[in-house]
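**Student:** Would you mind keeping the following structure in view while I ask a few things?
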There are 2 protein chains.
Amino acid sequence: MTETDEAYDEPLFFRVIQYAENADRDVVDMVSGNPDWEPPAALRDGLRDYAGADPPEFQYQASEGLGELREEIAARRNVDSSRLVATNGAGEANYLAMAAAMERGAGTEFLLTDPVYPYYPGKATMLGGSVTRVPVHEDGHVDVAGMRAAASEDTGAIVLNTPNNPTGAVYDIDAVAALADVAAEVDALLVVDEVYDHFDFTGRFESALTLDRDHVVVTSSFSKSMGITGFRVGYAVFPDDLVDAARTRHMLVNVTGSRPAQTAVAHALRETPPSYYESIRDTIRERIDALTAALDAIGADYTTPEGAFYVLARFADFPGTMANAERLIDEAGVAGMPGETFGDAYDDWIRFSLCTDRVDEAAARLTAYFEGS
Amino acid sequence: MTETDEAYDEPLFFRVIQYAENADRDVVDMVSGNPDWEPPAALRDGLRDYAGADPPEFQYQASEGLGELREEIAARRNVDSSRLVATNGAGEANYLAMAAAMERGAGTEFLLTDPVYPYYPGKATMLGGSVTRVPVHEDGHVDVAGMRAAASEDTGAIVLNTPNNPTGAVYDIDAVAALADVAAEVDALLVVDEVYDHFDFTGRFESALTLDRDHVVVTSSFSKSMGITGFRVGYAVFPDDLVDAARTRHMLVNVTGSRPAQTAVAHALRETPPSYYESIRDTIRERIDALTAALDAIGADYTTPEGAFYVLARFADFPGTMANAERLIDEAGVAGMPGETFGDAYDDWIRFSLCTDRVDEAAARLTAYFEGS
């Protein structure tokens, strides 16, 4: 458990991506979590239809989001739409949730996992909070006892991500419920980012919304499930007593989200069959198999993701430093994220994103590189 | 000059609009500043083309905005694109500018005009700043001497809007330059919101960017100029020493803006002829004439806007209270914004937005109502 109050530096994703782009050779990009697959057909249709709409439809929707979008989400998540703010992606949803924790005045410390998605500590620091990281179990699951021991009256929020980036763990709903209890005990919020909820390969994933607890904020977006990180359509579901303040902050920061994107997503939600999502999961499963087969051949350690679309790998004598990530780009032609970017717990590891149709090529390159070394 | 630290309540626009929508009679909406006119044809084309783009174009652009959009803006505003952050509308641009002022640690007071667009004091309070309002001159122009007298080492930023909502004043560039001097003297920022820059009826408007000063942040958007408040495409131009921190905050709050909207605006910027903007100005001029002719007939005081698209009117024994705005909705069938919403200086006035093709009808209704009273 470490306490940090680092400056909120730009996450390092972009530095690695830029290094790969400037490399002298062909590089398979396994850094970014940007889907490379086709969005739902209905999303394209919805956007095309909207392009011909009347001028009033080109103006602000309600600040909290397009009515039809919020109704579609509320029905799917089984919550009252009054608790729901449509946001500029999960990025803004998490910002609003963490700001809500600070505004409650019941603690300024954010309890995060180690490893952690780097935007969370960035947001915490920007909001004037402090960060405490609690290492996860070796299998990538959240350490409930460790979180409970770390929680105190100074804690403003515990922030989770399940299915998890980067470990691929799908947290047990019992673990999430136990952390909701911890949050209630120390008068903090539990923020659960479920942006990978459509990428559960275990059949065990349950949303924290099913707990129906006070003190719990759930965030998500359509960036991953529809393959549209650039559209910026997400949402946060707040407890009744926090939603007004969150709506006000949303209004004062952004006024509202982008209506063409919200309209297209609402249309896609109505018209997209379950088979769309299942076929994407099948694609990811195939990519997991291709990469992990190569890692077996190499004799590397790796995590088989229960969810999301990342594989963490540990190669002998090749820790997950920025220098080694750059070496892998230059010498193997494969770009991955150094584990040290996510904290200390996985700093021996490298994260490979499966958002590329060149996983076979990457697997062959890694095999040649590490077997030859 | 008054000092306030009110809670950052939801702006009252929505309350008036809702009252009008729930009225038992037909009401001409002159509350909202949402353009009712047709967007550029190229905007629709750009959005339609984008709907057929390849999956990589549906993913995040750079956090600071789509490259082609930033280049188009930078060329038009004659600034280096490195100073420019594309934002989720002018709303986010002003938030980033005001947050930059707070982050500098050189003062936490925001000097605003009275009357003022209510989002500015809302943002100031949300950011933990205080608000001081300096009444404008009777003609609606900023009181430079008053601002200078109010400025001190506690001042974090002076925030201006020109062409101005609600007064319609187009500030002289000399006045803006003098306030840039004041900002420099007290080590504050001058934030100039130029969102109505395409609605200048005087030919005198000059952007604060032409001053090329440190300490000056200029914000704008395409919401008004292209009639697309719902797209959320705006930008802020920062001094070199502040742009990195603003980009980081933008990334941590929103990740980036919505790409369908940014793509469509970039296309429209390239393909839209000046005649498009001129024809919209002609429409507004006609509406100004129609409304002010009625106000002449009634014998009401009013401001003839030099810019933007609002007319402030003062009727005898009918101050600009919320109660009177509601009375006007119920009894005359015309909805305007009560002047008290914008501060104390114009609390006798009612603001009528010209974003409706029913200005003639509103003029007739106001004439019948006030001549009959």
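**Student:** Karplus couplings for region A:24-38 from phi (6.51 cos²θ - 1.76 cosθ + 1.60, θ = phi - 60°), rounded to Hz, Gly and Pro as x?
**Tutor:** 7, 9, 5, 10, 7, 7, 10, 8, 7, x, 8, x, 9, 9, 6
**Student:** Additional query: Can you give the mean number of other chain Cβ atoms that lie within 10 Å of the Cβ atoms in peptide B:229-235?
**Tutor:** Per-residue shielding by partner chains comes out at 6.
**Student:** What lysines could a cross-link reach from B:LYS123, if we take a straight Cα to Cα line under 25 Å and drop same-chain neighbours fewer than 8 places away?
**Tutor:** A:LYS123, B:LYS224
**Student:** Where the only charges are on Cβ atoms (+1 Lys, Arg; -1 Asp, Glu), what is the dipole of region B:296-364 about its Cα centre, to the nearest 20 debye?
**Tutor:** Roughly 120 debye for region B:296-364.
**Student:** Quick one: divide the alpha-carbon radius of gyration of region A:309-364 by 2.2 N^0.38 Å and tell me what you get.
**Tutor:** So region A:309-364 has a normalised radius of gyration of 1.06.
**Student:** HN-Hα J couplings of region B:354-361 from phi, Karplus 6.51/-1.76/1.60, θ = phi - 60°, integer Hz, Gly and Pro as x?
**Tutor:** With the stated coefficients, region B:354-361 comes to 9, 8, 8, 8, 10, 5, 4, 5 Hz.
**Student:** Taking a ≥ b ≥ c as the square roots of the Cα gyration tensor eigenvalues, with a/c under 1.5 meaning rounded and otherwise prolate when a/b beats b/c, else oblate, which class fits region A:19-105?
**Tutor:** oblate
**Student:** With n ≥ 4 as the cut-off for DSSP H runs, can you work out [θ] at 222 nm for the protein assembly as shown, using -39500 (n - 2.57) per run divided by the number of residues, rounded to the nearest 500?
**Tutor:** When only DSSP H runs of four or more count, the value is -12500 deg cm²/dmol.
**Student:** Under the definition of Cα pairs under 8 Å and six or more residues apart, what whole-number percent is the relative contact order of chain A?
**Tutor:** Averaging sequence separation for qualifying contacts and normalising by length gives 25 percent for chain A.
**Student:** Now a separate question. Rank by packing, highest mean first: peptides B:107-114, B:128-135, B:352-359, B:202-209, with packing defined as the count of other Cβ atoms within 10 Å averaged across residues.
**Tutor:** In descending order of packing, they fall as B:107-114, B:352-359, B:128-135, B:202-209.
**Student:** Kindly give Rg over Rh for the protein assembly as shown, based on alpha-carbon atoms, with the Kirkwood expression for the hydrodynamic radius.
**Tutor:** 0.99
**Student:** Taking Rh as the Kirkwood radius computed over C-alpha pairs, what is the Stokes-Einstein D of region B:143-294 at 25 °C in a medium of viscosity 0.890 mPa s, expressed in µm² per second?
**Tutor:** Stokes-Einstein gives a translational diffusion coefficient of 142 µm²/s.
**Student:** Shifting gears a bit: How large is the convex hull of the Cα atoms of region B:42-271 per residue, expressed in Å³ as a whole number? Numbers along the way, then the final one.
**Tutor:** On the way: hull volume 25.4 nm³, N = 230.
Enclosed volume per residue, from the Cα hull, is 110 Å³.
**Student:** Right, here's the next one. Between A:VAL217 and residues 5 or more places away or on another chain, which pairs have amide H atoms under 5 Å apart, with H built 1.01 Å from N, and which residues are they?
**Tutor:** Sorted by chain and number, the residues that satisfy this are A:LEU190, A:VAL191, A:VAL192.
**Student:** Over region A:153-243, what is the relative contact order in whole percent, taking alpha-carbon pairs under 8 Å and six or more residues apart?
**Tutor:** Values: 158 pairs, mean separation 24.1, N = 91.
Here the relative contact order equals 26 percent.
**Student:** Give me the net charge for the shell around B:ASP114: Cβ to Cβ below 10 angstrom, other residues only, Lys and Arg +1, Asp and Glu -1.
**Tutor:** Working: positive: B:ARG133; negative: B:ASP143, B:ASP344, B:ASP347.
The answer is -2.
**Student:** Note down the magnitude of the dipole of the protein assembly as shown about its Cα centre, charges +1 on Lys and Arg C-beta and -1 on Asp and Glu C-beta and zero elsewhere, to the nearest 20 debye.
**Tutor:** The dipole magnitude comes to about 1060 debye.
**Student:** On to the next question. Loop-only chymotrypsin sites (Phe, Trp or Tyr not before Pro) in region A:273-317, please: DSSP not H, G, I, E or B, and at most 14 other Cβ atoms within 10 Å. Let's see the in-between values first.
**Tutor:** Working: sites: A:TYR276, A:TYR277, A:TYR302, A:PHE309, A:TYR310, A:PHE315; in loops: A:PHE309.
Qualifying residues, ordered by number: none.
**Student:** Region A:17-67: which trypsin sites (Lys or Arg not before Pro) are DSSP loop and have at most 11 other beta-carbon atoms within 10 angstrom?
**Tutor:** Numbers: sites: A:ARG25, A:ARG44, A:ARG48; in loops: A:ARG25.
Hits after loop and neighbour filter: A:ARG25.
**Student:** Can you list the residues, at least 5 places off or on another chain, whose amide H is less than 5 Å from the amide H of B:VAL334, using H built in the peptide plane?
**Tutor:** Those qualifying (amide H under 5 Å, at least 5 residues apart or on another chain) are B:VAL28, B:ILE329.
**Student:** Now for a different question. Closest beta-carbon to the A-to-B rotation axis: which chain A residue owns it, and what is the separation in whole Å?
**Tutor:** A:SER258, 2
**Student:** Using a Gaussian network model of chain A with C-alpha springs under 10 Å, which one of A:HIS250, A:HIS137, A:HIS198 is most mobile by mean-square fluctuation?
**Tutor:** A:HIS137
**Student:** Right, next: For A:THR210, which inter-copy label distances result when the label point lies 7 Å beyond Cα on the Cα-to-Cβ vector, reported in nm to one decimal and in ascending order?
**Tutor:** Label-point distances to the other copies, shortest first: 6.4 nm.
**Student:** Compute the label-point distances linking B:GLY67 to its equivalents in the other copies; points lie 7 Å from Cα along Cα→Cβ; give nm, one decimal, shortest first.
**Tutor:** Ordered by increasing distance: 4.2 nm.
**Student:** What residue among B:SER275, B:SER225, B:SER63 has the largest mean-square fluctuation in a Gaussian network model of chain B, using Cα springs under 10 Å?
**Tutor:** So, out of B:SER275, B:SER225, B:SER63, the one fluctuating most is B:SER275.
**Student:** Label position 7 Å from Cα toward Cβ: report the copy-to-copy distances for A:ASP301 in nm, one decimal, ordered from shortest.
**Tutor:** So the distances to the same position in the other copies read 7.8 nm.
Read the figures in this text as sums done on the coordinates, not as results from a lab. Everything numeric in this text was worked out from a predicted model, so none of it was measured. When we count neighbours, we look across all protein chains shown, and the Cβ atoms used for this are built from the backbone with ideal geometry, even at glycine.
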